[in-house]
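Inspection log for the structure reproduced underneath, given as structure tokens.
The values are calculated or read from the model by the stated rules, or taken from the named source; none is laboratory data. The shown structure was predicted, so the numbers you read here are calculated from the model rather than taken from an experiment. Reconstructed Cβ throughout: ideal geometry from the backbone, glycine too, with neighbour counts over all protein chains shown.
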Ligand SMILES: Cc1ncc(COP(=O)(O)O)c(C=O)c1O
């Protein structure tokens, strides 16, 4: 008789033993991935309906992205920005074009791009708007998620993200998300920027009321305030458009990008804006050793090329309609509410049945990976290469655990 080796428990225990416990992962140890699927160390296959929090919009190991990375690995990987390399101009040019902006500033993680936007808007406030030194204010939304740096958690309203990490960075004003009146009342002559997620991901895939972002745009124009859209999770095809804010017919002054920009291979983030905004930075005032490195640029250029075809946005829009139709049909059958756009859904499970965590554990047992957020909400965000049949399979598993 042959015994099947079960490596998972040992791998989980080893991981626990040697790491800080800043995550509470599902008990799955992944060894390989392709497209919308991953395989664990014991050979079990799962449909990946988290997609690295949207960092894997193009799926695991997209052939074009892997080829671009391989080709670059054989040439040069890092120069620092002390020199220019031959992948830099094309990445910046093509990303700026995709965004309809004049300039981009590449960084690595999403949090660094948010920090960049904060710094640029403050400098713009002092140098262009004429705000008195040290008085710049940035308006943000309650229940925001923009990353984990000490400045960013300073304006978080989530105690888990914020408590015991003070003293906090001043200069941020929090208003309710989606509330135009509250935003209007919060603007002062010292307001330099409004920083918002077009759809709040961590908060549970919250879509603001129709017309909210048009009102934000109008208020920013009226008061000479920069509108900064954090599209790190919502952007780059996830909602059926290149940018989620496009659904609102609005163009922000700054796009803050990350996650999928690195093709699921390397961390690549960026801020895109026009010259009158990003031009405030002079040599020595901001930077990153790895930001805009050759490998990142080679992969990022290919990401932009994939997005420029519009195919992923179309897939997300079409398949997203199907996903939302299937999920909406579960309302009253263990599901209380469904929100989102494109291939992105926040699903509120009846809390008398399961917590979000329990729902994700049961889904994993049935070969579907998803992630809970607060309470009984789970997030579904498959790679945009997912098929209609795979969506049906995942929703069938959700229906089964609720039935
Ligand atoms: C909207 C948004 N902004 C910023 C970040 C931070 O990105 P990173 O984890 O790459 O620092 C995230 C990550 O989940 C995010 O969803």
Quiz prompt | Leading residue by the ranking (farthest from residue 383 (Cα to Cα)) among those in the stretch 65-74 that are touching a helix residue (DSSP H, G or I) at 6+ places or on another chain (Cβ under 8 Å) and surrounded by 13 or more Cβ atoms within 10 Å (Cβ to Cβ) | solution = 72
Quiz item: How many of the residues making up the stretch 321-373 are in contact with a helix residue (DSSP H, G or I) (Cβ under 8 Å, 6 or more places away or on another chain), part of a strand (DSSP E or B) and touching a residue at least 40 places away in the same chain (Cβ under 8 Å)?
Solution: 8
Exercise. State which residue pairs qualify: first residue within 30 Å of residue 133 (Cα to Cα) and in contact (Cβ under 8 Å) with a residue 60 or more places away in the chain and inside the stretch 181-207, second residue in a loop (DSSP other than H, G, I, E, B) and within 12 Å of the ligand (Cβ to nearest atom) in any location, beta carbons under 9 Å apart, and separation of 6 or more residues or different chains.
Key: 195/144; 195/146
Practice problem: Hey, can you tell me all the residues within the stretch 41-54 that are buried (at least 20 other Cβ atoms within 10 Å of the Cβ) and over 21 Å from the mean Cα position of the chain (by Cα)? | Solution: 46
Quiz prompt | All helices (runs of 4 or more DSSP H) inside the stretch 76-194 with 3 or more residues being farther than 30 Å from residue 294 by Cα | solution = 159-162, 180-186
Self-check item: Extreme residue, farthest from the chain's Cα centre (by Cα), among residues of the stretch 289-309 that are in contact (Cβ under 8 Å) with a residue 24 or more places away in the chain and surrounded by fewer than 18 Cβ atoms within 10 Å (Cβ to Cβ)
Solution: 289
Exercise. Evaluate the stretch 136-147: report whether one residue or more is farther than 16 Å from residue 195 by Cβ, away from the ligand (no atom under 16 Å from the Cβ) and either at pLDDT below 95 or touching a helix residue (DSSP H, G or I) at 6+ places or on another chain (Cβ under 8 Å) (or both).
Key: no
Practice problem: Considering each of 133, 164 in turn, give the residue that is free of Cβ contacts under 8 Å to residues at least 40 places away in the same chain, more than 14 Å from the ligand (Cβ to nearest atom) and out of contact with any helix residue (DSSP H, G or I) (no Cβ under 9 Å at 6 or more places or on another chain). | Solution: 164
Quiz prompt | Candidate set from the stretch 238-285 (those that are out of contact with any helix residue (DSSP H, G or I) (no Cβ under 8 Å at 6 or more places or on another chain) and not in a loop (DSSP other than H, G, I, E, B)); member that is surrounded by the most Cβ atoms within 10 Å (Cβ to Cβ) | solution = 244
Quiz prompt | Qualifying residue in the stretch 235-250 (condition: more than 14 Å from the chain's Cα centre (by Cα), within 21 Å of residue 152 (Cα to Cα) and touching a residue at least 24 places away in the same chain (Cβ under 8 Å)) | solution = no
